[in-house]
1. Is it fair to say C190 is crowded, with 17+ Cβ neighbours inside 10 Å and either acidic (D, E) or more than 21 Å from L97 (Cβ to Cβ) (or both)?
2. Would you mention how many residues in the stretch 240-272 are buried (at least 20 other Cβ atoms within 10 Å of the Cβ), more than 15 Å from R201 (Cα to Cα) and of a type in the set (G, A, S)?
3. Return the residue satisfying two criteria in turn: it lies in the stretch 262-303 and is under 15 Å from the mean Cα position of the chain (by Cα) and among the polar types (S, T, N, Q), and of such residues it is nearest to M8 (Cα to Cα).
4. Need pairs with beta-carbon distance below 9 Å; first residue more than 28 Å from A224 (Cβ to Cβ) and within the stretch 102-124, second assigned to a strand (DSSP E or B) and hydroxyl-bearing (S, T, Y); sequence gap 6+ or separate chains.
5. Condition first: farther than 18 Å from E267 by Cα, assigned to a loop (DSSP other than H, G, I, E, B), in contact with a strand residue (DSSP E or B) (Cβ under 8 Å, 6 or more places away or on another chain) and modelled with pLDDT of 95 or more. Can you find one or more residues in the stretch 116-131 that meet it?
6. Run down T304, T319, T299 and say which single residue is under 23 Å from I135 (Cβ atoms), surrounded by fewer than 17 Cβ atoms within 10 Å (Cβ to Cβ) and polar (S, T, N, Q).
7. Looking at the stretch 185-270, what strands (runs of 3 or more DSSP E) fall wholly within it and have at least 3 residues that are in contact (Cβ under 8 Å) with a residue 12 or more places away in the chain and of a type in the set (A, V, I, L, M)?
8. Look at the stretch 82-111 and say how many of its residues are in contact with a helix residue (DSSP H, G or I) (Cβ under 8 Å, 6 or more places away or on another chain), assigned to a strand (DSSP E or B) and over 30 Å from G247 (Cα atoms).
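The values are calculated or read from the model by the stated rules, or taken from the named source; none is laboratory data. For clarity, every value in this text was computed on a predicted model and none was experimentally measured. Because the Cβ atoms are built from the backbone with ideal geometry, glycine has one as well, and the counts that use them run over all protein chains shown.
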Amino acid sequence: MLAIDGSMLEGGGQLVRSAVTLSALTGRPCRITQIRAGRKVPGLRPQHVAAVRAVAAICDAEVFGCSAGSREMTFVPGPLSEKSIAIDIGTAGSIPLVLQAWLPAALSVGGEITITGGTEVTRSPTIDYTARVLIPFLRQHGADISLDVIRRGYFPRGGGEVRVSARPSRLSPLSPDNTRERDFCGVVSCSAGLPDHVTERQARAASLALLRATGRHFPVERDARPGPGTGSSVTAWLGWMGGIGIGRPGYPAENVGKDAATALVEEFSAGGLVDSHLADQLLVYCARAGGSFTSHACTLHARTMCWLLALFGHPIRVTEGDLVTFAAEESP
């Protein structure tokens, strides 16, 4: 059984989610200790429990210690098989982060998942980032995935619902030249339980800031609908890079739009094929499918993924220069 120190490097939920994903893909049991040891509230949170349950469901895993607050957990996978499952995080925990755990394994055998929780929350990709940046990148490399946002859920109420289907897919090696047109760009401004003018103001601020910074006109989509709570977000993308802004009480709608635009411009101006946040999400696919890609930085999350992938026998070579190149290596 592979022993994993959950406090290593980034030492957070990403390590737990990725460890169980790799365990399911390789068939290698693992025991994770010191889970989130350095966090203000150590141990598993409901969002991490939901991610483990999602992966466990499609490989009939035996799981020990998977409950909120647990600092140690054992995951013993069975064979992967196509399943249709439903997961309720129970809080406004991030649906996109649960998807990050489930999707690599699901693409091996196919399946469908419906997740209830938060669609746009802080310290997480928005569901629109997942739909407009991550999933299109995977599709371009051969993945067959569909995503439907049934309703949006914001902190603290949650209650958003997303359905994702994956068909068995063999990804082609990731390529630094496999870009989509630089003109592929857009802004989506969303809200739930707020007046329509909120999405309008967010969108206007984001598109104007992007026009000034890039000279490009970004197509705008607006999604204002009822929901179980209230909240708003903006996601902007250009090529394989994205930026997000999350609303909060008392924070002007214009600032939400500007936050998304600023984040995108910073990533795009720094160079590389993908933004620094997408880079760490792609590493598991790169390790499995082969190939390479570039970004402008090797973040702590990316370093954590490289360390974890090596433990499971899927090393990644990182070459740092003006840009950072991530490349799959053959196991020794």
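1. Values: crowded, with 17+ Cβ neighbours inside 10 Å: yes; either acidic (D, E) or more than 21 Å from L97 (Cβ to Cβ) (or both): no.
Taking the combined requirement at face value, the residue does not satisfy it.
2. Residues that pass the stated criteria total 4.
3. Among residues in the stretch 262-303 that are under 15 Å from the mean Cα position of the chain (by Cα) and among the polar types (S, T, N, Q), the one nearest to M8 (Cα to Cα) is T299.
4. A106/S165; G110/S165; G111/S84; G111/S165
5. Yes, because at least one residue in the stretch 116-131 is farther than 18 Å from E267 by Cα, assigned to a loop (DSSP other than H, G, I, E, B), in contact with a strand residue (DSSP E or B) (Cβ under 8 Å, 6 or more places away or on another chain) and modelled with pLDDT of 95 or more.
6. Numbers: T304 fails: surrounded by fewer than 17 Cβ atoms within 10 Å (Cβ to Cβ); T319 fails: under 23 Å from I135 (Cβ atoms).
One residue alone meets the criteria, T299.
7. Values: elements: 185-192, 220-225, 231-238, 241-246.
Here the list reads 185-192, 231-238, 241-246.
8. 3
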